[in-house]
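In what follows, a single structure is set out as structure tokens and then discussed.
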Amino acid sequence: MSYNERFRGTGVAVVTPFRDGKIDFPALTTVLNHVINGRVEHIVCLGTTGEATSLDQKEINSVLDHTIKIVDGRVPIIFGPFGCNNTAELVEKIKATDLSGVDAIMASSPAYVRPTQEGIYQHYMNIADASSKPVLIYNVPSRTAMKVSYETIIRLGETHTNFVGVKEATADFFALSKLIKHRPKDFLVLSGDDYTAFPTMALGADGGISVIANAFPFEFSEMIRCAMYGDYDMGMKYHMQLLDIHPWLYLEGNPTGVKGALEDLGFCSREVRLPLTPLSEGANESLLEAIEKALLTVK
């Protein structure tokens, strides 16, 4: 088994629970155990869903330390607070971070400045040179305003051995098909959008990194496993079961929706940090209705 095989299947971008403005570490423990018991294959600590941009460095370090302690080697950890439009600053941050307890890092492409594909390529090459752990590219143009083209992703994978794969959140199935067809050996393609994860798997992807799996890890990870092993009929059933829940998780921002679901399920508060605001009662009622119609458990 190649090293990259460790990151196949379902990853979950774990939320950072809050209580009265502070990190709720007991709730974080509960969520981590919930998703691991739900049979996900790895977790992402402090990606977008973990609200890394609202934490200071001391809080980031404390969440990572707590996650490493609670996970205790049960699944691999990908560390994800590495989105930045200042390449030099990001390189220094990576070099200064103790990565000994994680298995890989995840970094989104630069936001706001809208660089060329050559600029994106050089940005990621600097990250790969700086990191002591493998790098997962995060292609999320809905947040960065610039897509990392499939040609650039393939070029990165072919040029630097430190790239383990890509989290693809583009819903561009032509580009996904070209990427999957021409990617380097052992280079992973992971879905980054829950609602497109199953069709992305049908194209030959290797897994997905999920938001909804914070609340429903078993159903989402079973869907991914079914697709991995060719049981598309059963995978489709899980896909359809979850389908109508997805829109309510993003209506008022991420992780606003999934934190609402987690509160409804009794795992943590729906509290988020500004500029996000907690899920409204009206949206939460619609979310609860969708969950109940999907025959999933709520308190």
Quiz prompt | Sequence of Lys69, Lys185 once ranked by neighbouring C-beta atoms within 10 Å, starting from the fewest | solution = Lys185, Lys69
Quiz item: If the chain between Lys181 and Tyr229 were fully stretched, how many nm would it gain, using 0.36 nm times the residue separation less the Cα-Cα distance?
Solution: 15.4 nm
Self-check item: Spatially proximal lysines relative to Lys95 (Cα-Cα < 27 Å; intrachain offsets below 8 disregarded)
Solution: Lys58, Lys69, Lys133, Lys147, Lys167
Quiz item: Ranking Glu219, Glu51 by Cβ neighbours within 10 Å, fewest first, what do you get?
Solution: Glu219, Glu51
Quiz item: Per residue of the chain, what 222 nm ellipticity follows from adding -39500 (n - 2.57) for every DSSP H run with n ≥ 4, rounded to the nearest 500?
Solution: -13500 deg cm²/dmol
Quiz item: What is the sum of charges around His182, taking Lys and Arg as +1, Asp and Glu as -1, for the other residues whose C-beta is under 10 Å from the C-beta of His182?
Solution: +1
Quiz prompt | Sum of side-chain charges, Asp56 neighbourhood, beta-carbon under 14 Å (Lys, Arg +1; Asp, Glu -1) | solution = +2
Exercise. Towards the positive end of the charge dipole of the chain, with charges on Cβ (+1 Lys, Arg; -1 Asp, Glu), say which of Ala205, Asn284, Val15 has the farthest Cα.
Key: Ala205
Self-check item: Net charge of neighbours whose Cβ lies under 13 Å from the Cβ of Lys293, counting Lys and Arg as +1 and Asp and Glu as -1
Solution: -4
Exercise. Round to a whole angstrom and tell me the spacing of the C-alpha centers of the range 54-111 and the range 1-46.
Key: 13 Å
Quiz prompt | Electrostatic dipole magnitude of the range 79-188 [Cβ: Lys, Arg +1; Asp, Glu -1; Cα centre; debye, to 20] | solution = 260 debye
Practice problem: Going by C-beta contacts inside 10 Å, put Lys133, Lys167 in order with the fewest on the left. | Solution: Lys133, Lys167
Quiz item: What list of ³J(HN,Hα) couplings, whole Hz, do you get for the range 287-295 from phi and the Karplus terms 6.51, -1.76, 1.60, once you set θ to phi - 60° and write x for glycine and proline?
Solution: 4, 4, 4, 5, 5, 5, 5, 7, 6
Practice problem: Report the antiparallel proportion of the DSSP beta bridges in the range 3-232 as a percent, rounded to a multiple of 5. | Solution: 5 percent
Quiz item: Which log10 I(q)/I(0) values, to two decimals, does the range 77-208 give at q = 0.09, 0.17 Å⁻¹ under the Debye formula with one point per Cα?
Solution: -0.23, -0.84
Self-check item: Relative contact order [Cα under 8 Å, 6+ residues apart], the range 104-238, whole percent
Solution: 17 percent
Quiz item: Can you give the relative contact order of the range 180-287 as a percent, counting alpha carbon pairs under 8 Å and 6+ residues apart?
Solution: 18 percent
Exercise. Using a Förster distance of 30 angstrom, determine the FRET efficiency expected from the C-beta separation of Glu281 and Leu243, and round it to 0.05.
Key: 0.80
Quiz item: Got the relative contact order for the chain handy, in percent, Cα pairs under 8 Å and 6 or more residues apart?
Solution: 18 percent
Quiz item: Which value, in nm² and rounded to one decimal, describes the direction-averaged projected area of the C-alpha convex hull of the chain?
Solution: 14.1 nm²
Quiz item: Using alpha carbon centroids, what distance separates the range 222-299 and the range 131-176, in Å?
Solution: 26 Å
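Throughout, read-outs are computed from the coordinates displayed, never taken from laboratory work. Only a predicted model underlies this, so the values are computations on that prediction, with no experimental measurement involved. Counting neighbours? That spans all protein chains shown, and the Cβs are built from the backbone with ideal geometry, glycine included.
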